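Structure record follows, encoded as structure tokens.
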Amino acid sequence: MQRKGTNEPYREPTPDGHFGVYGGRFVAETLFHALDQLEALYREVRADPAFEREFHADLAQYVGRPTPLYFAERLTAVLGGAMVLLKREDLNHTGAHKVNNTVGQALLAKRMGKPRIIAETGAGQHGVATATVAARLGLSCHVYMGSDDVKRQSLNVYRMKLLGAEVIPVHSGSRTLKDAMNEALRDWVTNVDNTHYIIGTVAGPHPYPMLVRDFQSVIGQEARAQCLAQTGRLPNALIACVGGGSNAIGLFHPFMNDADVEMIGVEAAGLGLETGKHAAPLSAGLPGVLHGNRTYLMSDADGQILDTYSVSAGLDYPGVGPEHAYLRDLGRARYVAVTDGEALAAFRRLTQIEGIMPALESAHALAFAEQEASRRSADDIVIVNLSGRGDKDIMTVAELDGIRL
Ligand SMILES: *Cc1c(COP(=O)(O)O)cnc(C)c1O
């Protein structure tokens with residue numbers, strides 16, 4: 001299929017962390033040492049079979065991997081097109097893909113001998129996944145969270161507290177994820193000697209986009225092998241939702257050299273791209289610098305970061321991982337956007353015809369997958385990343401239904 005874009009071959013990031021013109025390390029001088037140390041350790045452990053064994057043992061014993069690649073037979077029949085396979089990241093411990101990364105980074109913290117963990121969180125999912133691994137390893141844990149999010153996500157705030165983490169409300173800016181991440185970076189500058197910062201997605205300064213991607217790539221590694229084993233061939237398309245982009249890149253990356261496998265990232269169009277109330281930097285943003293890297297951002301012509309909106313808290317981020325910006329320019333992946341309404345319809349459909357309640361984030365991928373599968377032939381295979389389970393979203397859906405629980 002002819003794709004838009006430069007069509008240049010995909011390249012791994014340069015030694016200084018550039019994906020094409022994106023990525024890099026735009027941070028205070030004081031953080032360079034910590035980032036260098038993290039990168040050096042990371043490169044060392046990647047080459048160390050003992051680390052790989054420990055990581056995969058934790059994924060098996062603690063997270064519950066491998067997750068199934070499930071043939072959604074009734075959904076496939078209803079759509080009347082391509083075979084739809086769901087990568088069941090919702091079945092992971094803590095209910096989403098985020099724990100793949102926090103388990104990996106907790107092992108790095110342990111190797112560095114750092115007793116304190118910090119993280120940023122929006123909806124609280126990454127905060128919970130971080131507090132979980134910190135509890136398991138007996139590390140102290142501080143989670144930065146915008147004060148508006150603290151109010152909106154009280155259940156996850158309490159979950160983190162039960163797990164022994166301290167949640168620090170951030171009152172600056174828009175009092176959401178963007179501000180929490182700024183504050184976490186500030187904490188790290190001050191406490192870098194005893195603290196490891198676990199970033200929750202493929203954003204931030206180099207080496208985070210590469211490192212988080214590699215930990216999440218277990219998703220695509222499993223899916224590729226499972227698809228071959230279960231169907232005898234590779235899929236035609238991969239579809240995943242894109243907030244910061246970690247579950248999407250985790251699915252995509254192991255297929256990068258399979259030229260015939262299409263990759264589609266689905267952003268949150270919120271109330272519609274034309275309303276400005278969305279969280280779709282790749283579909284409707286501009287390149288700029290945020291949180292230590294160059295990428296596509298929701299910003300105005302003066303470079304001011306705009307407020308984002310989505311019914312799904314996990315997609316509500318004004319930036320996106322730099323590797324996605326790069327894949328978009330190459331034309332190796334394409335990016336689309338799905339509205340709140342479309343995602344909610346997909347949430348209900350999967351719940352009712354497969355008995356699987358997806359996270360509202362994942363429902364964005366499903367909504368586009370429905371369109372994509374319908375227009376494809378029955379010989380095609382589409383893999384959708386079911387990044388998380390929907391239990392956390394029941395209150396949101398009930399409210400939209402006008403029901404008070
Ligand atoms: C956080 C989250 C996302 C969005 O994050 P990515 O880094 O884009 O993967 C998607 N799905 C679920 C269930 C999440 O919790």
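Derivation of every value follows stated rules applied to the coordinates shown; laboratory data play no part. A quick note: this is a predicted structure, and the numbers were derived from the prediction, not measured. Cβ coordinates were reconstructed from backbone atoms using ideal geometry, including for glycine residues, and neighbour counts include every protein chain displayed.
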Review point. So between residue 194 and residue 404, what do we pick up on full extension, going 0.36 nm a residue minus the alpha carbon distance?
Key: 71.1 nm
**Study point:** Shape category assigned to the chain from the gyration tensor of Cα positions, a/c cut at 1.5
**Key:** rounded
Review point. Between residue 4 and residue 30, what is the label-to-label distance in nm when each label sits 7 Å out along the Cα-to-Cβ direction?
Key: 4.4
Practice item. Sum up the charges of everything whose Cβ sits under 14 Å from the Cβ of residue 181, counting Lys and Arg as +1 and Asp and Glu as -1, but leave residue 181 out. Key: -3
Exercise for review: Please give, to one decimal in nm, the separation of the simple spin-label points placed at residue 228 and residue 158, each 7 Å out from Cα toward the Cβ.
Suggested key: 4.7
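Rounded if a/c is under 1.5, else prolate if a/b beats b/c, else oblate: with a ≥ b ≥ c from the C-alpha gyration tensor eigenvalues square-rooted, which is region 239-380? Present the calculation step by step, with values, prior to reporting the outcome.
On the way: a/c = 2.06, a/b = 1.26, b/c = 1.63.
The shape class here is oblate.
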Review point. What is the calculated FRET efficiency for residue 112 to residue 378, with r their C-beta to C-beta distance and R₀ = 51 Å, to the nearest 0.05?
Key: 0.50
Check your understanding: Which percent, to the nearest 5, of DSSP beta bridges fully inside the chain are antiparallel?
Key -> 30
Exercise for review: Could you work out the local net charge near residue 171, counting Lys and Arg as +1, Asp and Glu as -1, over the other residues with Cβ closer than 11 Å to its Cβ?
Suggested key: -2
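Which FRET efficiency value, to the nearest 0.05, do you get for residue 78 and residue 56 by plugging their Cβ-Cβ distance into 1/(1 + (r/R0)^6) with R0 = 51 Å?
0.90
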Check your understanding: Taking a point 7 angstrom from the Cα of residue 37 along the C-beta vector, which residues in region 127-154 have backbone N less than 17 Å away?
Key -> 140
Point to revise | Considering only region 206-315, percent of DSSP beta bridges that pair antiparallel, nearest 5 | key: 60
Point to revise | Environment charge of residue 312, counting only residues whose C-beta is closer than 9 Å and scoring Lys/Arg +1, Asp/Glu -1 | key: -4
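Within the chain, what is the number of lysine pairs with alpha carbons under 17 Å apart, leaving out pairs fewer than eight places apart on the same chain? The partial results should precede the final answer.
Values: 87/98; 98/392; 151/161; 151/178; 151/392; 161/392; 178/277.
Here the count comes out as 7.
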